[in-house]
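**Student:** Sending over a structure as structure tokens; questions will come in a sec.
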Amino acid sequence: MAAKTLEDIPGVGPAIADKLREAGYTEIMNIAVAAPKDLAETCEIGEKKAMDIIEGAKLVADVGGFETGDTILQRRSSVTKLTTGSKALDELLGGGLESQAITEFFGEFGSCKTQVCFQLAVNATLPEDKGGLDSDVIMIDTENTFRPERIIQMANYLGLDPDATLKRIHIARAYNSQHQVLLVDKAMELAKDLKVRLLIVDSLTSHFRAEYLGRGALAERQQILNRHMHDLLSFATVNNAVIAVTNQVASKPDAFFGDPTKPIGGNIVGHTATFRIYLRKGKAGKRIARLIDSPNMPEGEAVFMVTEDGIKD
Ligand code: ADP
Ligand code: MG
């Protein structure tokens, strides 16, 4: 999306814009809500000038407006659901993964987060009357765990042409968190020419976890993650798309959040994801999914299986 730059703020030329960026004020909104004293100090400008810049930023910042309930109802009437392949899991979600929303799967290593992503990718290519979205799929792979062989197995089981299915799944490997963020812009471009109604980020948080170490880096990490989540949400809205993201639970206590069963990203990810599903291993290939924090569905659990053919009841 063609976003406004800092230079669009009245009174901000290239020199001040550089200083602002260096000081971490990379978004117009950050400046609009900044304290004049902080801005003056970090940019070595007078407080009066800082106040003018803040006022200017408020004018050009895209604060958004209000919509009436009927407009939202109309938009929600185009929401469709994507099947997971398991009836029990679909029911837990009220019929499948909703478009125009972000669904987060979190769980330990090996809890089948990636397997669920593969299945969703294959299912999205199905026609709508079979629980699909009749669309292409974009997958941002941060851990290099995409396996075409699994897609072939799952496509075969559903009677789909495996080659054709693979051709509809567009994978980009994200090398670091910045790259991951940029790939959402790329996805937005691709979705202009292609019908893309499923965007997967597997894993949403691994790069962030690895790159932003220590307490000092927490604020910055959360800020970038927040922007990333909002970019994903706008992809969902613009394309009436399902967004599925994964988040690995720390197997040992997380330095920031302590509790090992809590997904990283804390409140930022939690508040932006519409559905959060906690996955854990059960006995004999079974997996248990627990729905947490849904705006319109009760909390509950579903049991499903992961087999060579994919996700099943
Ligand atoms: P996560 O992404 O949560 O770390 P994965 O999605 O990679 O976990 O899950 C790995 C698990 O998926 C394996 O432990 C295995 O149980 C299951 N799995 C992977 N491939 C197959 C297959 N071909 N047949 C059956 N189960 C499989
Ligand atoms: Mg994985």
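The values are calculated or read from the model by the stated rules, or taken from the named source; none is laboratory data. The structure presented is a predicted model; accordingly, all values stated were derived computationally and were not measured. Please note: Cβ atoms are built from the backbone with ideal geometry, for glycine as well, and neighbour counts cover all protein chains shown. Just the protein is used for accessible areas: all its heavy atoms, side chains included, with ligands, DNA and RNA removed. Shrake-Rupley method; radii C 1.70, N 1.55, O 1.52, S 1.80 Å.
**Student:** Per residue, how much accessible area does the chain show when a 1.4 Å probe rolls over the protein heavy atoms, in square angstrom? The partial results should precede the final answer.
**Tutor:** On the way: 15330 Å² over 313 residues.
Heavy-atom accessible area per residue stands at 49 Å².
**Student:** Take the cross-link list K87/K192; K58/K81; K81/K167; K186/K312; K130/K281; K19/K195 and give me the ones stretching past 30 Å between alpha-carbons.
**Tutor:** Values: K87/K192 32 Å; K58/K81 38 Å; K81/K167 22 Å; K186/K312 33 Å; K130/K281 28 Å; K19/K195 41 Å.
Pairs exceeding the cut-off: K87/K192; K58/K81; K186/K312; K19/K195.
**Student:** Below 13 angstrom from the Cβ of E301, what's the summed charge of the other residues (Lys, Arg +1; Asp, Glu -1)? Don't skip to the end; give the middle numbers.
**Tutor:** Details: positive: R280, K286, R287, R290; negative: E91, E299.
Combined, the nearby Lys, Arg, Asp and Glu give +2.
**Student:** Short version: ³J(HN,Hα) in whole Hz for each residue of segment 276-286, in order, from phi by Karplus 6.51 cos²θ - 1.76 cosθ + 1.60 (θ = phi - 60°), x for Gly and Pro, what are they?
**Tutor:** Each residue's phi maps through the Karplus curve to give 10, 10, 8, 9, 9, 7, x, 7, 6, x, 7 Hz.
**Student:** Post the alpha-carbon centroid distance, segment 17-34 to segment 133-172, in whole angstrom.
**Tutor:** With segment 17-34 and segment 133-172 each reduced to a Cα centre, they are spaced 40 Å.
**Student:** Using packing as a proxy for protection, rank 121-130, 168-177 so that the peptide with the highest average count of other Cβ atoms within 10 Å comes first. Each step should come with its number before you reach the end.
**Tutor:** Values: 121-130: 19.5, 168-177: 17.6.
Averaged packing, sorted descending, gives the order 121-130, 168-177.
**Student:** Okay, moving on. Before rounding to the nearest 500, sum -39500 (n - 2.57) across all DSSP H runs of length at least 4 in the chain and divide by the residue total; then give [θ] at 222 nm in deg cm²/dmol.
**Tutor:** Values: 13 runs with 129 residues, N = 313.
Theoretical 222 nm ellipticity from helices: -12000 deg cm²/dmol.
**Student:** Given labels modelled 7 Å from the Cα in the Cβ direction, how far is it in nm from N240 to R215?
**Tutor:** Between N240 and R215, the simple spin-label model gives 4.9 nm.
**Student:** Rank K167, K283, K19 by mean-square fluctuation in a GNM of the chain with C-alpha springs under 10 angstrom and give only the top-ranked residue.
**Tutor:** In the Gaussian network model the winner is K19.
**Student:** Given an 8 Å cut-off on Cα distances and at least 6 residues of separation, report the relative contact order of segment 11-61 as a percent.
**Tutor:** Values: 46 pairs, mean separation 21.0, N = 51.
Computed over segment 11-61, the figure is 41 percent.
**Student:** Provide the gained length on full extension for the span D161 to I288, in nm with one decimal, where the gain is 0.36 nm per separating residue minus the Cα-Cα distance.
**Tutor:** Working: separation 127, 0.36 × 127 = 45.72 nm, distance 3.01 nm.
Here the segment from D161 to I288 would lengthen by 42.7 nm.
**Student:** Provide the per-residue ³J(HN,Hα) series for segment 165-181, in order, calculated from phi with Karplus coefficients 6.51, -1.76, 1.60 and θ = phi - 60°, each as a whole number of Hz, with x at glycine and proline positions.
**Tutor:** 5, 4, 5, 8, 10, 9, 10, 10, 8, 9, 8, 7, 5, 4, 4, 4, 5
**Student:** Report the FRET efficiency, 1/(1 + (r/R0)^6), for A35 and L182, where r is their Cβ-Cβ distance and R0 is 35 Å, rounded to 0.05. Each step should come with its number before you reach the end.
**Tutor:** Details: r = 30 Å, r/R0 = 0.86.
That pair, A35 with L182, gives E of 0.70.
**Student:** Net charge near T246, counting Lys/Arg +1 and Asp/Glu -1 over other residues with Cβ under 10 Å of its Cβ? Please list the in-between numbers first.
**Tutor:** On the way: positive: K113; negative: E104, E143, D202.
Around T246, the charge tally is -2.
**Student:** Put a dot 7 Å past each Cα toward the Cβ at K130 and E189; how far apart are the dots in nm?
**Tutor:** Reported label-point gap for E189 and K130 is 3.3 nm.
**Student:** Give the calculated FRET efficiency between V303 and T68 to the nearest 0.05, with a Förster radius of 45 Å applied to their Cβ-Cβ distance. Don't jump to the answer; show the numbers that get you there.
**Tutor:** Numbers: r = 41 Å, r/R0 = 0.92.
The value I calculate is 0.60.
**Student:** For the chain, set up a Gaussian network in which alpha carbons nearer than 10 Å are linked by springs, and say which option among D231, D52, D161 fluctuates the most.
**Tutor:** So, out of D231, D52, D161, the one fluctuating most is D52.
**Student:** May I ask you to derive the relative contact order of the chain, considering only C-alpha pairs under 8 Å and at least 6 residues apart, and to give it as an integer percent?
**Tutor:** Working: 561 pairs, mean separation 64.3, N = 313.
Over the chain, the number comes to 21 percent.
**Student:** A follow-up question, please. Choose one answer from G214, G131, G282: the residue with the largest mean-square fluctuation in a GNM of the chain with alpha-carbon springs under 10 Å.
**Tutor:** Of G214, G131, G282, the most mobile in the Gaussian network model is G214.
**Student:** Which of the aspartates and glutamates could a cross-linker span from K4 if the Cα-Cα distance has to be under 14 Å and same-chain partners fewer than 8 positions apart are dropped?
**Tutor:** E27, D62
**Student:** Next question. Amide H of R197 versus every other amide H placed in the peptide plane: which residues, excluding those fewer than 5 positions away on the same chain, fall under 5 Å?
**Tutor:** When sequence neighbours closer than 5 places are left aside, the close amide H contacts are D136.
**Student:** While we're looking at this one, here's another question. Going by amide H atoms built from the backbone, whose H comes under 5 Å of the H on E143, apart from near neighbours?
**Tutor:** Amide H to amide H, under 5 Å and 5 or more residues apart or across chains, E143 pairs with S203.
**Student:** Then there's this: Using a 1.4 Å probe on the protein heavy atoms, what percent of the accessible area of segment 74-312 belongs to carbon and sulfur? Write out the running numbers ahead of the final one.
**Tutor:** Working: 5430 of 10470 Å².
Carbon plus sulfur share of accessible area: 52 percent.
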